[in-house]
Every structure is written in structure tokens, then in C-alpha cells.
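Right, one structure below, let's go through it.
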Amino acid sequence: MAEPADRGDRRVVLGLGNLLNRDEGLGVHALRALGQRLGADPGVELVDGGVLGLNLLPLVESCSHLLVLDAVDAGRPPGTVIELGRDRIPMLRGVTFSEHQVTFQEVLGLASIRGRLPGTVHLIGAQPADISVGVEVSPAVRGAIPPIVERALEFLDRWDATVPTSGDAS
Amino acid sequence: MTRLVVDPITRIEGHLRIEAELDEANGIVEAYSSGTMVRGIEIILQGRDPRDAWAFAQRACGVCTTVHSFASIRAVEDALDIRIPPAANLMRNMMIAQQYAHDHVMHFYHLHALDWVDVVSCLQADPTETSRIQQSISSWPNSSPGYFADVQARVQAIVDSGQLSIFANGYWGHPAYKLPPEVNLLAVAHYLEALDWQSHVTKIHTIFGGKNPHPNFVVGGVPMPIDLDSDTALNAERLSIIDDSIDRITEFVDQVYLPDLLAIAPAYLDYAALGEGLGNFLTWGEFPGVEPTDSSALLVPRALILGRDLASVTEPDPRDMTAMQEFVTHSWYRYEAGDQSGLHPWEGETVFNETGPEPPFEELDVEGKYTWLKAPRWNGTPVEVGPLARVLAMYAAGHEQTVELVDSVLATLGAPVEALFSTLGRTAARAIETKVFADHLRTLFEDLKARIAAGDTRTFDDERWEPRSWPSSARGFGFTEAPRGALGHWVVIEDGKIENYQLVVPTTWNASPRDAQGNPGAYEAALVGTTLAQPDAPLEILRTIHSFDPCMACAIHMVDANGDDVAEVGTGLHVHADG
């Protein structure tokens with residue numbers, strides 16, 4: 001196996017979700033809102049990960065700091081902002097019919113067993129209300145985007161206050 | 001702050017459900033294929049600017065972003081009679097060739113290999129013997145006993161940790177696994193290597209598309225200019241990165257993927273006589289020249305093969321309103337002219353008609369409607385699309401390298417030509433075409449460099465960019481051979497806006513339900529005749545379904561009515577106890 005890439009200090013905010021399924025795309029919408037707040041020189045990489053699944057593994061494994069924005073189904077009222085720390089994000093794999101059923105949990109699971117999970121992983125999201133076909137998000141989720149952006153900014157400030165750390169040694 | 005976690009990150013990629021009826025000996029008598037999520041991209045596209053359609057279409061699926069983008073811009077260019085510059089065409093074709101290698105290698109190692117390779121068994125392997133096998137099949141450098149012992153230790157650590165993660169829920173120890181532990185170890189090592197390899201092969205997309213993920217596309221060419229002296233264009237430095245990336249691709253295909261296929265296949269020759277299904281195949285073709293309607297320029301021909309007959313291949317016309325049709329008799333849609341009728345995609349309708357059953361349910365109503373996939377048919381006949389269709393089309397057309405590779409693989413396995421019409425044939429065809437297309441990628445790159453050297457660096461044609469230059473009504477067909485098969489986009493443009501847009505994606509062909517005449521789709525036909533060793537662990541079904549490389553996300557869309565989680569996918573098989 002190749003040696004892990006030298007991840008140095010790579011800080012990424014990754015927005016996830018499908019823009020064609022309304023609230024499912026909230027991670028990408030929140031990423032765009034965050035990008036507007038941060039302006040032309042965000043000081044951090046903003047990556048629209050869509051629903052790329054396994055293709056995101058190289059990116060995840062190359063980060064020192066990873067902040068994920070995504071829809072989170074926790075059975076809460078729609079629009080509830082939800083945060084999960086590094087050890088709270090389950091990493092699963094079941095028998096599937098398709099490579100395209102690779103979930104982001106699995107990407108994290110793969111990075112973990114390969115010893116390449118970023119040292120800092122955090123997720124901020126919200127409970128979706130409507131994931132039917134369409135490009136407009138629900139009012140509840142639209143309302144959740146500003147607080148998600150605020151929490152993300154606080155988190156990025158905390159990163160700035162720390163010295164670069166490396167991820168798991170492989 | 002909420003800390004409750006069940007399924008924290010909903011990932012909506014599409015569910016495939018198979019219902020199989022078994023006889024007393026656990027043989028499959030009938031099979032039904034169902035997509036349990038609705039699709040709706042067609043509805044989203046109506047009324048939009050056709051130049052923007054690709055940006056929506058590419059979001060239909062995370063793995064198929066590139067193929068939908070190409071089919072979309074080609075459809076609009078076809079409708080508006082746009083010719084893209086030759087350099088742009090080469091760049092597009094390079095992106096497509098790269099996509100095959102990336103997709104096929106990942107499909108083989110990440111998904112399909114685990115149908116044949118018992119991961120846990122590799123712990124019993126003698127690394128020295130694995131090393132000997134590796135050195136006997138290729139010159140790949142990672143081949144020492146120490147290397148394989150290290151891989152084995154990593155897998156042991158995963159098993160010991162109790163967090164099998166990616167390897168959890170496999171059917172490890174199933175009697176249908178036939179490989180010796182040493183070959184299992186070889187394959188597991190390459191499974192892990194493939195994950196590293198993929199980060200080196202996406203550079204062509206990053207460079208030509210300006211960014212990755214989600215590269216940019218443009219109707220009329222490619223968004224990346226060529227200027228050897230510019231920092232922001234395709235320059236000498238970027239050409240050199242691409243050169244290196246192509247080397248990485250061909251090395252892995254030549255020294256790992258193809259040799260592994262030949263090391264694994266001999267243990268499973270029974271699958272060379274199983275899983276064929278229809279015996280009918282269709283391709284739209286790939287790697288067009290600058291005249292997109294000139295099908296004679298295609299490397300992969302546009303071909304229709306019926307009843308295994310490679311001697312009388314014909315060319316299907318996607319504009320033929322009566323031959324190319326989709327049916328909804330058994331699909332959760334409604335047609336204005338009645339659900340027995342067929343519609344050409346230009347006249348296609350997307351009106352939902354979910355007739356149940358309400359979830360949770362035990363069985364689908366297979367006599368009625370039972371899937372969100374339509375049933376595309378050619379002259380009323382179901383066909384298979386994908387790597388096997390393409391390899392057969394190239395083989396029948398006498399494409400020299402394809403004929404050579406097919407004959408040599410068959411000879412190595414001691415199998416007759418008929419063995420191609422099978423689950424194993426499909427899996428072998430995928431590896432064979434990967435080799436053909438990886439080599440073609442190098443040829444395309446050399447052509448591109450020659451063009452640049454000759455000063456032909458135009459990458460965008462803006463003559464028809466402005467809507468005022470368009471006819472008031474136009475219809476177009478855009479195609480690409482996606483890694484998993486023929487993909488078509490049909491667009492109707494009225495007064496500068498999309499009036500109708502229909503996608504017929506590979507998995508809709510392959511996973512389609514019965515049609516108006518009761519003809520089964522490719523999956524449904526392919527599963528009949530397979531016997532299950534353990535019906536509660538239906539590994540044999542996974543092997544054949546995976547050999548098609550399903551992409552449910554493209555074929556269908558949106559969460560299922562259960563709103564359920566990954567566990568649902570894990571148990572997505574429903575097996576009747578008896579017929």
C-alpha cells in the first residue's frame with residue numbers, strides 16, 4: 001500500500017447532498033451561503049461534494065481538518081440544527097447492489113480503517129422536511145441555513161486558533 | 001444540542017429490489033426487478049435554458065456526473081446543429097476514456113470482486129505463495145512476501161477490532177466462494193491499492209473541467225482554453241500532469257486489473273454458462289469525431305445485436321419514433337394514451353401513478369405496477385446495454401485489438417465464444433474494454449498534442465451560443481456510452497426553453513420491468529435458472545446483478561416511501577420460500 005499523502009495543513013469544508021431533492025441538498029446550499037459570508041479569500045477550501053460517495057475518499061484522506069455540512073436524519077423536528085463530533089458519526093457498510101449506494105459514512109469508515117481519518121472531523125446539519133423532487137428547499141430548512149453558517153464560522157475560528165495537527169498516523 | 005444518532009447522514013442513491021421465486025431445489029424460476037424510488041429530473045428540467053441542462057443532469061448521480069453532462073450538451077448541440085472544434089472533441093473523448101478506467105476499476109475491486117473474493121479467508125493465506133502468484137501473473141512491483149504479509153496484518157487488525165466496517169455483512173464463508181486463500185489475499189491487496197490509485201487518475205477531469213469534483217461543461221466545446229504560455233489555460237505543465245496520469249491508468253489496468261481477472265475467473269467458470277438473460281444487445285456508440293452524426297467515425301459502433309447473432313448486426317436509429325419506445329405498463333407512471341402504449345422519448349411523459357402497495361409490505365404486485373423504472377424497448381424487444389454489448393459490437397465489427405483480447409482471454413480460460421453470453425462474460429468484457437479504452441486514451445492524447453503543435457487550439461464555438469440564433473423549435477439526441485451502458489438524452493426545445501427532456505439511462509434498460517407484452521427486462525431474465533446454495537444468503541443473485549454494474553441513482557430518484565436507512569439496502573433482497 002502506498003504511504004499516506006502528506007496531509008500537512010489542509011482545511012476543508014465539504015457540502016454534501018443532492019440538489020435535485022430539495023432539503024437533501026442542504027449541505028451544498030449551506031456551503032454556498034458560507035462561501036458568500038467568507039468572500040473572495042475564504043482561508044479554507046470549500047468543496048461541493050454533491051453525492052459523490054467513494055470519489056470523495058482521496059479528498060477526505062488528504063485533510064487535516066474536515067467540516068462536513070449535510071442533511072441529518074435524527075428524527076427531530078424539521079430544521080433542527082444538529083452537530084456530530086468525530087466519534088459520533090457511525091461508519092457503516094452493508095451488502096449493496098450498487099457502487100452508487102456508497103454512503104459518506106462508508107467513506108469515513110474506509111478512511112478510518114486505513115488509518116487516514118482527519119484529526120479533526122465535525123458535522124453540522126439539520127433535519128430535512130421535504131426530500132421530494134425539486135430544487136427549492138423547504139421553509140424550515142431555509143431557516144436553518146443561517147444558524148448552520150454561524151456555527152460553521154465559529155468552528156472555523158476555533159481551527160484558526162489551533163496549530164496545524166496531523167491526522168492519524170498510519 | 002442534539003446528540004441522538006440513528007442514521008445521521010441521509011444519502012439518497014437509489015434502491016434496487018429483486019424478488020425471486022424459487023423452486024424446491026432453490027432454483028430461480030421467475031425474477032422481478034424493482035426500483036423503489038421515483039425519478040423526477042425530467043420535471044425539473046422543463047422550462048429551463050437548454051444550455052444549463054447539464055448542470056442539473058449531472059446532479060442526478062454522484063458517480064455519473066460526467067456522463068450525464070456529456071449526454072446533455074451533446075443533445076443540445078444536436079438540436080441546435082452545433083459543431084464543436086476538433087481539439088474540444090478530443091478533450092471530451094479523453095475525459096470519457098478516463099472515466100471508463102476509473103469507474104470499471106472501482107466497480108471491480110470495490111463492489112464486484114467481493115462477490116468472488118472471500119475477504120476473511122485471506123487471513124489463512126501463505127503470503128509467500130501469494131507473492132509467487134503475483135510474480136507469475138504480472139510485473140507489478142508490490143509483490144514481495146513481506147508486502148502481502150503486511151496487507152494480511154492490516155486485515156487481521158480490522159477483524160480483531162470488531163469494526164469490520166467495509167467488510168461487514170459480506171457473505172464470508174459462503175460455500176459459493178471457491179478461490180484459494182492466497183488468491184483472496186492478492187485481490188484484497190489490490191482492493192486497497194485501487195483506493196489509492198483513484199486519486200491519481202482524476203486529473204484529466206480536474207484540468208479539462210477547471211475543477212473536480214463537479215467539473216464544468218459547456219455547450220459548444222470545453223470550458224478550458226489551450227495556451228501553452230498561460231497559467232490559467234491548458235499549458236505544458238498541465239499536459240505533463242495528464243501524461244503521467246495516463247501512465248498510471250494503463251499500468252494498473254495492464255498489470256493489476258486484467259491479470260487479476262484472469263487469476264480469479266478460472267475458479268468460477270460455472271458462471272460462464274449462467275446469467276445471460278436476453279441475448280439482445282444495444283449500443284449508442286462512443287468516441288465520435290467532429291461530425292457527431294457521422295456514426296462511421298465511432299470507435300464503439302452504434303449497434304443492435306439480436307439473438308446472439310454477431311453476423312447480422314444493424315445500426316439502431318435513436319430518432320426512430322416507433323422503434324425507440326418506453327413502456328409503463330408495469331411502472332408507476334401514467335400515459336395519456338393508455339398504459340399499454342409506448343412513447344418515443346421526444347414525446348415522453350413523466351406523470352407519477354403510484355399504485356402501491358403501501359410500505360411496509362411483504363411483496364410487490366408484480367401482476368400490476370411494481371417499479372419506478374420505465375421499460376425501454378427496441379421494436380418491442382428488451383435489450384441489454386453495457387460493456388458486454390460494447391465488446392460484442394466491437395468484436396463483430398472486427399476491431400483488431402478487441403478481437404485479439406477477447407480471443408486471448410477465452411483461450412486462457414479455455415472457454416468457447418458462447419461463454420461471453422454470461423455473468424462471467426459481462427465481467428470479462430468490462431476488463432477487456434477498459435484495456436481498449438485506456439490505450440485509446442493515450443492515442444487521443446497524442447492526437448491532441450499534435451493538434452496543439454499545429455496551432456489548432458480552438459476549444460469553443462460560440463456561433464450558436466445566443467438563443468436568437470436558434471430555430472424556434474428543435475429536437476436533439478445526445479448519447480454517450482456510460483461505463484454501465486448506453487445513455488441517451490432526448491431534448492425538445494421551443495422558443496429557447498426546454499419543452500421536454502427525457503433520459504433513458506443504462507440501468508433503465510437493464511433493470512427494466514416487464515413491458516406491455518410481458519417480456520422481462522435484462523436482470524429479470526438473467527437471474528432465471530440460477531440455483532442458490534443458501535437462499536438466506538443469495539450471493540449468486542448479487543454476482544449476476546453486480547455484473548451489470550447497476551446505477552440506481554440514475555435510473556430512479558428520491559427516497560423510498562419508507563424513508564429508511566442503509567440497513568434497508570442491506571436487506572433489500574426478498575426471497576419467497578417457494579414458488
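The values are calculated or read from the model by the stated rules, or taken from the named source; none is laboratory data. Note that the structure is predicted; figures quoted are calculated from it, not measured. For neighbour counting, all protein chains shown are included, and Cβ atoms are generated from backbone atoms with ideal geometry for every residue, glycine included.
Here are some notes:
- Each residue in the range B:397-420 was checked for being touching a Pro at 6+ places or on another chain (Cβ under 8 Å) and farther than 17 Å from B:TYR268 by Cβ, and 1 pass.
- Residue satisfying all of: in the range B:283-331; among the aromatic types (Phe, Trp, Tyr) and surrounded by 23 or more Cβ atoms within 10 Å (Cβ to Cβ); farthest from the chain's Cα centre (by Cα) among these: B:PHE327
- Answer residue from the range A:46-66, given it is in contact with a Lys or Arg (Cβ under 7 Å, 6 or more places away or on another chain) and under 21 Å from B:ALA55 (Cβ atoms) and is farthest from the other protein chains (Cβ to nearest Cβ) among those: A:GLY50
- Test for A:PRO78: is it within 20 Å of A:VAL28 (Cα to Cα) and either modelled with pLDDT of 90 or more or facing chain B (nearest Cβ under 7 Å) (or both): yes
- Only a single criterion out of (1) within 25 Å of B:PRO483 (Cβ to Cβ); (2) of a type in the set (A, V, I, L, M); (3) at pLDDT below 80 is not satisfied by A:VAL163, namely (1).
- Residues of the range A:65-75 that are touching a Pro at 6+ places or on another chain (Cβ under 6 Å) and modelled with pLDDT under 90: A:ALA71, A:VAL72.
- Within the range B:334-349, the set of residues being of a type in the set (Phe, Trp, Tyr) and touching a Ser or Thr at 6+ places or on another chain (Cβ under 7 Å) comprises B:TYR335 only.
- Unique residue being within 19 Å of B:GLY35 (Cα to Cα) and assigned to a loop (DSSP other than H, G, I, E, B) when the list is B:ASP536, B:ASP515: B:ASP515
- B:VAL417 meets each of the listed conditions (1) modelled with pLDDT of 95 or more; (2) surrounded by fewer than 24 Cβ atoms within 10 Å (Cβ to Cβ) apart from (1).
For (1) within 30 Å of B:ALA31 (Cα to Cα); (2) in contact (Cβ under 8 Å) with a residue 60 or more places away in the chain, each residue gets a yes or a no:
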position: B:ALA265; (1), (2): yes, yes
position: B:LEU274; (1), (2): yes, yes
position: B:GLY277; (1), (2): yes, yes
position: B:LEU298; (1), (2): no, no
position: B:PRO301; (1), (2): no, yes
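- The listed residues are B:ASN216, B:ASN212, and the only one of them that is within 14 Å of chain A (Cβ to nearest Cβ), modelled with pLDDT under 90, over 28 Å from B:ALA153 (Cβ atoms) and not in a helix (DSSP H, G or I) turns out to be B:ASN212.
- Test: residue in the range A:39-49 that is part of a helix (DSSP H, G or I) and within 22 Å of A:ASP160 (Cβ to Cβ): no
- Of the residues in the range B:99-114, at least one is within 13 Å of chain A (Cβ to nearest Cβ), among the acidic types (Asp, Glu), touching a strand residue (DSSP E or B) at 6+ places or on another chain (Cβ under 9 Å) and part of a helix (DSSP H, G or I).
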